[in-house]
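Single-structure report; data block below.
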2 protein chains.
Amino acid sequence: MFFVSLIPIRPELPLGAPSERSDAARNRERLLQAARELVAEHGVDAITMDMLACRADVGKGTVFRRFGSRAGLMMTLLSDAEADFQRQFIFGPPPLGPGAPPLERLIAFGEARIKYVEEYGELARAAAEHSPQNRHDAPPVVLWHRHLEMLLREAGLDRDPWLLALSLGATLDPERMLHSLRIHGVAPERLAESWRELVTRLLKDC
Amino acid sequence: MFFVSLIPIRPELPLGAPSERSDAARNRERLLQAARELVAEHGVDAITMDMLACRADVGKGTVFRRFGSRAGLMMTLLSDAEADFQRQFIFGPPPLGPGAPPLERLIAFGEARIKYVEEYGELARAAAEHSPQNRHDAPPVVLWHRHLEMLLREAGLDRDPWLLALSLGATLDPERMLHSLRIHGVAPERLAESWRELVTRLLKDC
DNA sequence: ATATAAACCGGACCGTAGTCCGTTTAGAAC
DNA sequence: GTTCTAAACGGACTACGGTCCGGTTTATAT
């Protein structure tokens, strides 16, 4: 099977790539492994960039050259899960993938997103922190947005589906859902049920 | 006229208050004036707490004792506008205040919120930064949320209006709307139109 | 006027994200 | 193997939010 990296969070080979130097590659692996270990041990919110540099036996500058920022590191850690999620709603089986009616795909999209947040929510939140740009215009976010917009159009909602998709995206925002789940103790099923109610009502009579 | 501070952002007299010392009062005034000047001169995002302390001729510790945090400072700067907004949708004339049917009140609420963000968006965003707690559970946020929930109930939406209100609140989130307005250049009227479309569809046949 | 306690003050200090730049090293060319 | 250069490295440095604590000021009681 041939895996396409649909919209990579962090394009690793910017198209004219003079292939990575061996020490760089080695350090990247060390950093990623160290990062995963630290996340497993202390949780996303507790790890600092110095910690990571130390654990990977690497200078701080190296960490930042590799990932650009803390958010960039988190995006990199998320990229596999993210690519998988993208594959599912673009190429996967219905109702999440193509083939089902738009309403059902919308419902499935929300449900999948909720599961994603249950599993990777802390990472996703950290990947968007301290930067409205990352939060709203990161490539994966734009892709979800376009997907929602397309489904709305398919369902016959022609009045500014772009902005409406933004509203729906806001409902599925990781930080928001995580807050409901963790702080207010809302059950994931209840979130899903509310999402279903929301999109069902929206698409009625179109 | 007697102004009630409905849900103060920052309760200034915690009910058993041994009344503020005169030097404290003087410093508070100096700080607020300096803060407003700095915001006017450099914009919300550019001002730092050191800058403020320096401009107000006050120690840094004093700034933080007064406001608790950068977000706290911003809340204080917002509190007048916020109290006014609250008064309008609770006591003001219809359709924003009581007296109009729920759908019209919802529409008016969104429109008022958009105007608010146009005017105070940067402050509002800064007041919520770096703290999901502030962003989602600050007293004013809880109040808007309850208001939305009440209107949804009045309109006959009985399936988990609490969560549905959360979704609507997400649509009106200052950071999100500000991003649409400033970065994507969406016209306020278009935001308002989209909001109207959203709530109208949601409340149809209830 | 004086004593006393509580509230307040200031600025040194800390942790963390992010930058800078002199030094090292991989790898290509010869 | 030697030389050369661009890329990568590392860690000192900066900026900023936030904390701490010894000294000072205010208000009150006597």
Q) For peptide A:186-199, how many partner chain Cβ atoms fall within 10 Å of a residue's Cβ, on average? A) 3
**Q.** Accessible area of the stretch A:22-68 divided out per residue, in Å², using a probe of 1.4 angstrom
**A.** 55 Å²
Q: Kindly compute the accessible surface that chains A and B hide from a 1.4 Å probe when together, both sides summed, and give it to the nearest 100 Å².
A: 3500 Å²
Q: Take each of the peptides A:107-115, B:162-170, B:84-92, average the number of other beta-carbon atoms within 10 Å over its residues, and list them starting from the highest.
A: B:162-170, A:107-115, B:84-92
Q) Residues of A:134-144, mean number of Cβ from any other protein chain within 10 Å of their own Cβ, rounded to a whole number? A) 1
**Q.** Mean separation of Cα contacts under 8 Å, 6 or more apart, over the residue count of chain B: relative contact order %
**A.** 21 percent
Q. What does the helix-only formula give at 222 nm for chain A: each DSSP H stretch with n ≥ 4 adding -39500 (n - 2.57), the total divided by the residues, and the result rounded to the nearest 500 deg cm²/dmol?
A. -21500 deg cm²/dmol
Q: With N set to the residue count of the protein assembly as shown, report its C-alpha Rg divided by 2.2 N^0.38 Å to two decimal places.
A: 1.08
Q) What is the diffusion coefficient of the stretch B:22-68 in µm²/s, taking the Kirkwood radius over Cα pairs and the Stokes-Einstein relation at 10 °C with a viscosity of 1.306 mPa s? A) 152 µm²/s
Q. By how many degrees, between 0 and 90 and to the nearest 10, does the Cα long axis of helix B:139-154 differ from the longest principal axis of chain B?
A. 10 degrees
Q. Give me the log10 of I(q) over I(0) for chain A at q = 0.10, 0.13, 0.18 Å⁻¹, as the Debye formula computes it from C-alpha points; what are the numbers?
A. -0.49, -0.79, -1.29
**Q.** Mean projection area, nm², convex hull over Cα of the stretch A:130-206
**A.** 5.6 nm²
Q: Tally up the carbon and sulfur contribution to the accessible surface of the stretch A:22-68 as a whole percent, 1.4 Å probe, everything protein left in place.
A: 51 percent
Q.
Once you compute Rg and the Kirkwood Rh from C-alpha atoms, what is the Rg to Rh ratio for the stretch A:20-104?
A. 1.17
**Q.** Label distances, nm, A:Glu193 versus same residue in remaining copies, Cβ-directed 7 Å point
**A.** 3.7
Q: Compute the semi-axes of the equivalent ellipsoid of the stretch A:90-140, taking the square root of 5 times each eigenvalue of the Cα gyration tensor, and list them largest first in whole Å.
A: 26, 13, 8
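The values are calculated or read from the model by the stated rules, or taken from the named source; none is laboratory data. What you are looking at is a predicted structure, and each value in this text was computed from that prediction instead of being measured. FYI the Cβ positions are ideal-geometry reconstructions off the backbone, even for glycines, and counts take in every protein chain you see. All accessible areas refer to the heavy atoms of the entire protein, side chains included, with ligands and DNA or RNA removed. Shrake-Rupley method; radii C 1.70, N 1.55, O 1.52, S 1.80 Å.
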